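Q: After the structure tokens below, expect a handful of questions from me.
Values in this text are rule-based calculations from the coordinates and carry no lab data. These numbers were taken from a predicted model, which means no experiment stands behind them. Every residue, glycine among them, receives a Cβ derived from its backbone with ideal geometry; neighbour counts consider all protein chains shown.
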Amino acid sequence: MMKNANDMKWYLILFSGLFILGLYSFVSKEENEKARLLEMVQAYADAMIEKGRDNYGDLQSPLFAAALDRFGMTLGSTEIFSEIQGVRKSDRSLGGANPQEDRSLYAILYQLTDITADEKYAREADKALKFFFDHCQSPETGLMAWGEHLYWDFRTESVEGTDMHEINGEWPFWDQCYRLSPESSWRFALGLWDNQIDSKETGDYSRHARWSRRETYQGFEFPRYAGQMISTWADAYVREENEEKSRRRDLINAIATVVRRMEENSKIAESGYLIAGRAEQGDHINVVWLSNNLEMARCLWGAAKQIKPFEEELAIRMEKLAIQQDLDFHRTGHHIAKGGGFSVTLHAKTGEPRHRSMNIPYTAVWATGYGYSTHADLANLLYSRYLQLKESHPQLAEKYKTLIVAAADQYLAASPDENELQKPDAFAKVVEHMINTYQLTGEAKYLRRAEFFAWLGIDLFLADRNPLPMATNQHDHYEAITGGPDFIYALLHLYQQYNLSQSDA
């Protein structure tokens, strides 16, 4: 027992001091971790700018390499960089640049300039994109040397891969590209219409088309490619710098034709779902890919908003087609709320989940195979649709919110097996998913879990203090296709979220 009031006073002083010291230590640790995140992002960006460029062949350029030895910062090959489970050989860009695989790298560079006020980062991104659009476009088709099967080789100064152009995601840097290389950007938009679409009457196309010459195919009109092409056409159509272009109206015709094709494909299957394509090969006419359809919906929604002041009727059709994909998604039997997964691959006739050689019917907490999807991956797409719909269609948006939170709850306790093959992209998607869920709910447990997966990923892929993340926890080189840039971008997003949380407080 305390003998007098003095004892009590000194006890309170001691207790207060310890409390303040503990609070200071906690705040100091959090500030240090936040600072370390930015340091790692800058170290990665600096290493790519200084040593990850095209220093090969007769024409050295500012392009960034998509795969590198992490210690010598040199190009590799299939002989040096071994096969990676779940990554097809034809998809790897081991000898040069593939900006579509490096979208997160460019996002990092542009955002670092905003954060640090150092113009170096945006300037170096500009240099690379200008060179790519000025030098790496097919003179015959207008298509770019990028995507799932093509890259620009540093040693041969030419396109390499399988000579098949296939878009690998919506391109988010048209503002920069039209500023840097406007004619090449415009030629690419027309090239998609002229040399990716097989029939301008029916809108039949394949996700594959020759880069080097006009050679198109039919029946593989996967919906997400429809959305991503429409996004490019809409962007090109509404730009003031393109208002006097002689073929500008062709882009509206392109949008309308492909939208009609998707509308027709929505009526073929007995289940009423939008099919993957009309080709019998690969059984695509009997397949529904819900995530593919939602990606189309996301792109359609953004494109419709752009063209609505000019083409209101077409924009309304696009919105209607997009909303139908939302309704179809919600009428599907998902098991995410019960600890299962999202249904993603369906039989077109019955609407029931189905197995296919390269696809499994449900998402998983962790998945590394080609054609497999994680809860987090799909939940991030749902979050994009939530943001698009929350004002105009709040009931649909709320349904997405419920599913997003249910998926996030599975990651509160689940952790990957570190003895199995793990790739940075899986961690990037989970970190993004946890941040998105924190923004939806305001519950700190999701932000704490984002931190957990960020630092676990750092331990797996950046433990040796090398600024470039490993291709996997079992492959000691750097390769963009496995998500190294995506993981670094997720760290930057977490850093930005810390700052947002502090300013809100």
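Q: Quick one: Cα convex hull volume of region 32-87, Å³ per residue?
A: Numbers: hull volume 6.9 nm³, N = 56.
Cα-based convex hull of region 32-87, divided per residue, equals 123 Å³.
Q: Find how much the distance from Glu418 to Glu215 grows on full extension, using 0.36 nm per residue of separation minus their present alpha carbon separation; answer in nm with one decimal.
A: Gain on stretching Glu418 to Glu215: 68.6 nm.
Q: Any chance you could run the full-extension gain for Ile80 through Ser392? It's 0.36 nm times the residue separation minus the Cα-Cα distance, nm to one decimal.
A: Using 0.36 nm per residue and subtracting the Cα-Cα distance, I get 107.1 nm.
Q: Among bridges DSSP assigns within the chain, what percent are antiparallel (round to 5)?
A: Values: 22 of 25 bridges.
Antiparallel: roughly 90 percent of the beta bridges in the chain.
Q: Between region 62-112 and region 137-210, how many Å separate their Cα centres?
A: Cα centres, region 62-112 to region 137-210: 19 Å.
Q: Ignoring everything except DSSP H segments at least 4 long, calculate the 222 nm mean residue ellipticity for the chain; use -39,500 (n - 2.57) per segment, divide by total residues, nearest 500. Walk me through the numbers before you get to the answer.
A: Values: 14 runs with 260 residues, N = 505.
My calculation for the chain gives -17500 deg cm²/dmol from helical runs alone.
Q: What does region 65-169 give for Rg and for Dmax, in Å, if only its C-alpha atoms count?
A: Both quantities, over Cα of region 65-169: 14.6, 41 Å.
Q: For the chain, what is the charge dipole size about the Cα centre, in debye to the nearest 20, if Lys and Arg each add +1 at the Cβ and Asp and Glu each add -1 at the Cβ? Could you put the intermediate results ahead of the total?
A: Values: 54 positive and 73 negative charges, 238 e Å.
The calculation lands at about 1140 debye.
Q: Residue by residue through region 290-304, which ³J(HN,Hα) values in whole Hz follow from phi under the Karplus form 6.51 cos²θ - 1.76 cosθ + 1.60 (θ = phi - 60°), with glycine and proline marked x?
A: For region 290-304, the Karplus-derived couplings read 5, 5, 4, 5, 5, 5, 4, 4, 4, 5, 4, 4, x, 5, 4 Hz, x marking Gly and Pro.
Q: For the Cα atoms of the chain, what angle does the longest principal axis make with the long axis of helix 5-51, in degrees from 0 to 90, nearest 10?
A: Tilt of helix 5-51: around 30 degrees.
Q: Between Ala43 and Glu270, what is the FRET efficiency for a Förster distance of 41 Å, r being their Cβ-Cβ separation, to the nearest 0.05?
A: 0.15
Q: Would you mind checking which residues have amide H under 5 Å from Gly147's amide H? H placed 1.01 Å from N; only 5 or more apart, or other chain.
A: Here the answer is Gln100, Glu101, since their amide H atoms fall under 5 Å of that of Gly147.
Q: In degrees, nearest 10, range 0 to 90: what is the angle between the Cα axis of helix 424-441 and the longest Cα principal axis of the chain?
A: 70
Q: Taking amide H atoms as placed 1.01 Å from N in the peptide plane, list the residues 5 or more away in sequence, or in a different chain, whose amide H sits under 5 Å from that of Tyr56.
A: Those qualifying (amide H under 5 Å, at least 5 residues apart or on another chain) are Ser61.
Q: Distance cut-off 25 Å, Cα to Cα: go down the list Lys305/Lys401; Lys89/Lys130; Lys338/Lys445; Lys127/Lys200 and report the pairs above it.
A: Exceeds cut-off: Lys89/Lys130; Lys127/Lys200.
Q: What shape does region 45-121 take by its C-alpha gyration tensor, where a ≥ b ≥ c are the square roots of the eigenvalues and a/c under 1.5 counts as rounded, a/b above b/c as prolate, and the rest as oblate? Can you show the working numbers first?
A: Values: a/c = 2.24, a/b = 1.60, b/c = 1.40.
Because a/c hits 1.5 or more and a/b exceeds b/c, region 45-121 counts as prolate.
Q: Of the options Thr113, Ile255, Phe64, report the single residue whose Cα projects farthest towards the positive end of the charge dipole of the chain (beta-carbon charges: Lys, Arg +1; Asp, Glu -1).
A: Value: Ile255.
Q: Rounded, prolate or oblate: pick one for region 330-398, where a ≥ b ≥ c are the square roots of the eigenvalues of its C-alpha gyration tensor, a/c under 1.5 means rounded, and failing that, prolate if a/b is larger than b/c, else oblate.
A: It is prolate, given that a/c is not under 1.5 and a/b is the larger ratio.
Q: Calculate, axis by axis, the spread of Cα positions in the chain along the three principal axes, and write the results as whole Å, longest axis first.
A: Between the extreme Cα coordinates on each principal axis of the chain lie 96, 57, 46 Å.
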